[in-house]
Amino acid sequence: MKPVDDKAADYRAFVARGYDACGDAYNADRATNAADVLDGLAARLADGARVLDLGCGAAVPITRTLAARFDVVGADISRQQTVRAHTAVSAASIVTADMSASPFRTEVFDAVVSFYAIFHVPRELQQGVFADIFGSLKPGGYLLASVGRTDAGSYTEPDFFGVEMYWSHYGVDAYRAMVAAVGFELLEERILAHGYSADCHEPERHPLIFARKP
């Protein structure tokens, strides 16, 4: 772990280039089933509900699972990951977009999900990401998002599937406060596993926040 705080650096572009380069290796290690983490949300949504998968990567397994029942938009900052997502899940609409740049209209989604993605955004921008998510949801819409567990600051790891990768996050208490501050009602919090296939990598745990826009 190498702490970083270069005010002139574009860490969002850094993340995009990293996933462009390592996406094939990263995707090969991902779990292929996501029903267990989506069941609580899916039970609250009508068939055909409009759902945004923010930081969708190559669309497996989250976007693919959602697209079986819902009208899904997948968005990712990595152009190559969105190309892979188009191939993997033709039923979803896939766009290349930076989640920290307010890319979506107001009150268009019934739910927004984001797994293993918000912590790649510089943490000083993350409050704005939650505010934009809140704005993009219809009244009564849902947020389901994984967040940082500990207050680790901003840092890079030198070998993330062969590339240097950037993370930036607060602890879970700060994320609870952020979500409440933008207007969400917190419904549930649980611990999410690392999202890799069963035989890959050391165990990791990430808080998963489930919230509702009143």
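Laboratory data are not the source of any read-out in this text; all were calculated from the coordinates shown. Treat the numbers as computed from the prediction; the structure is a model and nothing was measured.
Descriptive notes on the structure:
- Globularity ratio of the chain, using Cα Rg and 2.2 N^0.38 Å: 0.94
- Sum of -39500 (n - 2.57) over DSSP H runs of 4+, divided by residues of the chain (222 nm, nearest 500): -9000 deg cm²/dmol
- Under 17 Å from the Cα of LYS213 - lysines, other chains or at least 8 residues apart: LYS138
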